[in-house]
Every structure is written in structure tokens, then in C-alpha cells.
Amino acid sequence: MLFDMDGTLVDSEKLWDVALQELAAVYGGVLSEDARRAIVGTGMADAMRIVHDDLGQPERDVQESADWISARILELFRTGLQWRPGALALLRAVRDAGIPTALVTSSGRALVEVALDTLGRDSFDAVVCGDEVDAAKPHPEPYLTAARLLGVPVERCVAIEDSPTGVASALAAGAAVLAVPAEVPLAPADGVHQLESLLGADLELLAALLNRR
């Protein structure tokens, strides 16, 4: 099993909204809805470029903005991180069944370490962070890396995602995909089973997704 984090396991996208709008305000602007949707599922560097372009300030330093966001989101994660509906029950069911499980996220390691206080450090056999791969989602490398670390062919893995970027990454890697959109609607796609929430997901569904391949 390959789980995305933001918007999939935890309801962290609202915290990102707070931090991104605060950063935009520091720069004297307001982040547009289109830019916010485009950021969902991206790595930090791409997200900051989207912010800068949206504010009409492309000359701003990407690393400086990333550092500001990282510090603020760490504060927010420590105080306001909540599970998405059905996520904890599904994760527990997967672990109780002894299924190899990885966390595959675009977030950086420092932020993930804080999130693991909520998610549980024993919930995953492997953790792949956005700043620990050469190519972030939508490139397939994060999911290919996770499958390799688990020692499981990626074609025998189910990836659970909430964003277009994450779905594209998982599909490109060759995993079966269960999509549970949070902040951004997802268009129907071949190879993607979509649910409104993880309240409707169980081990039988995950097995069925693999058997359809």
C-alpha cells in the first residue's frame, strides 16, 4: 500500500491554505484560487514559483519563500493536524493485515517528521519525502522508489491519492490508483477508481483494484 499524505491521510491542505495566504500577504498580495488549485500536490519549489508568478513577482527567491512557508507550516502542523474521514481506520486495517505500507509525499522530511507524530511512526515500512527524490510528483520516481523500498512490484501496489499531480505520478509508476479528491476535483481516468472519501474503502476494495489489472 502506498499512501499520499496531504489531503489523503490528513486534512492538511487547509493548513497550507493559511500559510500560503499569509505568505502572499507578506508580499503585498492575495493568492488566487487558480494558483492555489495548481499548487495542490506539487513540490515546494514548484509551489513557490506558482505563488511568485501569481503575485506578479517572479523575481523573488524560491528558497527564501520555501523557508518561510516551511517554518510556518511546521507551527501549524504541530497544533492543527487532523485525519481525513476514514483514513485512520483504513491505515489500521492495512497494518493489521500485515500489508507492506509506504508513505509517499511531496512534503519535505522536516515536515513529515512532525506529521508522523499524528500518523504514527510504526504505521509505515518506508517513507518517501519530496526532498529525498530527484524528481517529484507528477514524475513516477516517488512511487517507484516506495515500491522498491518495500520490495514489492509497483504493479502489485495500490496508491491512494487526492490530487491530479499525485494521481499522475502513481499512474505513471504503474500502480493501481484509488483517488479520493479533497481540495481539487479529479476528472475520471482509466486505471483510477474514485471515491468521495476513505469511509468507503476497505481491504476487499483494495484487493479488487489489484485483481482488475
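Selection of segment 76-109 for residues being surrounded by 14 or more Cβ atoms within 10 Å (Cβ to Cβ) and more than 18 Å from Leu2 (Cα to Cα) yields Leu76, Phe77, Leu81.
Could you look through segment 41-55, keep only residues that are acidic (Asp, Glu) and over 16 Å from Gly166 (Cβ atoms), and pick out the one that is most open to solvent (accessible area, probe 1.4 Å)?
Going residue by residue through segment 41-55, those that are acidic (Asp, Glu) are 46, 53-54.
Going one step further and asking which of them are over 16 Å from Gly166 (Cβ atoms), we end up with 53-54.
Values: Asp53: 103, Asp54: 59 Å².
Among those residues, the one meeting the criterion is Asp53.
The conditions of being of a type outside the set (Lys, Arg), part of a helix (DSSP H, G or I) and crowded, with 20+ Cβ neighbours inside 10 Å are met by Leu171.
Of Ala19, Ala38, Ala24, all but one fail to be buried (at least 19 other Cβ atoms within 10 Å of the Cβ) and more than 17 Å from the chain's Cα centre (by Cα); the exception is Ala24. When Leu116 is tested against the conditions (1) more than 18 Å from Gly41 (Cβ to Cβ); (2) in a loop (DSSP other than H, G, I, E, B), the lone failure is (2).
Take the residues of segment 174-189 that are among the small types (Gly, Ala, Ser) and part of a loop (DSSP other than H, G, I, E, B): which is surrounded by the fewest Cβ atoms within 10 Å (Cβ to Cβ)?
If we filter segment 174-189 for residues that are among the small types (Gly, Ala, Ser), which is where we start, we get 174-176, 179, 182, 187, 189.
Still in the running and part of a loop (DSSP other than H, G, I, E, B): 174-175, 182, 187, 189.
Values: Gly174: 18, Ala175: 30, Ala182: 20, Ala187: 10, Ala189: 14.
Checking each candidate, the answer is Ala187.
Among residues of segment 125-145 being over 16 Å from Ala115 (Cβ atoms) and of a type in the set (Gly, Ala, Ser), the one that is surrounded by the most Cβ atoms within 10 Å (Cβ to Cβ) is Ala136. Across segment 190-203, the number of residues qualifying as surrounded by 14 or more Cβ atoms within 10 Å (Cβ to Cβ), at negative phi and either in a helix (DSSP H, G or I) or not polar (S, T, N, Q) (or both) comes to 8. If you filter segment 125-150 down to residues that are assigned to a loop (DSSP other than H, G, I, E, B) and within 15 Å of the chain's Cα centre (by Cα), you find that the one that is nearest to Gln82 (Cα to Cα) is Cys129. Annotation note: Cβ proximity below 6 Å between a residue of segment 146-158 that is closer than 15 Å to Val127 by Cα and a residue that is of a type in the set (Val, Ile, Thr) and surrounded by fewer than 22 Cβ atoms within 10 Å (Cβ to Cβ) (sequence gap 6+ or interchain) occurs for Ala147/Val154.
Scanning segment 80-98 finds one or more residues that are part of a loop (DSSP other than H, G, I, E, B) and on the phi > 0 side of the Ramachandran plot.
Name the single residue that is nearest to Ala136 (Cα to Cα) among those in segment 1-60 being touching a residue at least 40 places away in the same chain (Cβ under 8 Å) and aromatic (Phe, Trp, Tyr). Among those that are touching a residue at least 40 places away in the same chain (Cβ under 8 Å) and aromatic (Phe, Trp, Tyr), it is Phe3.
Of all residues in segment 191-208, those that are in contact (Cβ under 8 Å) with a residue 60 or more places away in the chain have Cβ atoms under 8 Å from Cβ atoms of residues that are open to solvent by less than 50 Å² (accessible area, probe 1.4 Å) and part of a helix (DSSP H, G or I), 6 or more apart or on another chain, in Leu198/Ala87; Leu198/Leu90; Ala201/Leu90; Asp202/Leu90; Asp202/Ala93; Leu203/Ala93; Leu203/Val94; Leu206/Val94. Condition test on Ala66, is it assigned to a helix (DSSP H, G or I), in contact with a helix residue (DSSP H, G or I) (Cβ under 7 Å, 6 or more places away or on another chain) and farther than 29 Å from Pro153 by Cβ? Yes: the conditions hold for Ala66.
The values are calculated or read from the model by the stated rules, or taken from the named source; none is laboratory data. A quick note: this is a predicted structure, and the numbers were derived from the prediction, not measured. Note that we place each Cβ from the backbone using ideal geometry, even for glycine, and neighbour counts take in every protein chain shown. The accessibility values were calculated without ligands, DNA or RNA, using every heavy atom of the protein model including side chains. Shrake-Rupley method; radii C 1.70, N 1.55, O 1.52, S 1.80 Å.
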